[in-house]
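*Asks:* This is the structure I have questions about; it appears just below.
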Amino acid sequence: MLIAQIRGRCTEMMTLDEFLADPGFLSNLDPLGLGNAWVKEPGFKGLYVRKTKRLWHKKLVPCVDLANVTVSKPGKGTFTRLVARLHARYNLCVECVTSEQFERGLTRRGFVKLPDQGGFPSYFLSKRMKLRE
C-alpha cells in the first residue's frame, strides 16, 4: 500500500484522477482543496503534481503542474499517453526539466518554454493548443 501525508494525516495514496477531481481546483472555492500530492498512476514509479495558476497571455489560468515525474519504463510512451489523456481538460506545465532529450520531446509535442525563473526550464501546454504527435 502506498502512503501519503495529506493535511497532516497519513492516508493511502490517491490516484491522479482522484486528486484532479477535487472540486476546489477549477473554481478556487475550496481554500482547503488539495494543492499538491504524490499520486498513483499506472506506469509511473513516482508522480508529484500540483494544481496551480499560470500566467498565460496576461491571464492567470488553472494548470496541472507535473512537478516530479519518474516512469517505470522510460522510452515506452508512458508520459506521452498521460499528456494526451490530460491535455483535453487541463492546461499542463512540466516543471524543472533536466534532460535535453526530454526538452526536445516536449517542444516537439507543442509545449512552450516558459520565461526563465532561475534554475531548470519549465514547459507549458494550453488545453487550447494542439498536441502534436
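Values quoted throughout were computed directly from the atomic coordinates according to the rules given, and no laboratory measurement underlies them. The structure displayed is predicted, hence computed values, not measured ones. Cβ sites come from the backbone with ideal geometry, for glycine too, and all protein chains shown count toward neighbours.
*Asks:* For the residues 132, 85, what sequence is obtained by ranking on other C-beta atoms within 10 Å, fewest first?
*Replies:* Result, fewest neighbours first: 132, 85.
*Asks:* Would you be so kind as to identify which of 121, 99, 83 lies farthest towards the positive end of the dipole of segment 77-122, taking Lys and Arg as +1 and Asp and Glu as -1 on Cβ and the Cα centre as origin?
*Replies:* So the residue furthest toward the plus end is 83.
*Asks:* Just how many % of Cα pairs in segment 15-125 lie over 24 Å apart, if you round to the nearest whole percent?
*Replies:* That tail contains 22 percent of the Cα-Cα pairs.
*Asks:* Starting with the fewest neighbours, write out 111, 120 ranked by other beta-carbon atoms found within 10 Å of each beta-carbon.
*Replies:* Going from sparsest to densest Cβ surroundings: 120, 111.
*Asks:* Just how large is the dipole of segment 15-125 about the Cα centre, in debye to the nearest 20, putting +1 at every Lys and Arg Cβ and -1 at every Asp and Glu Cβ?
*Replies:* 380 debye
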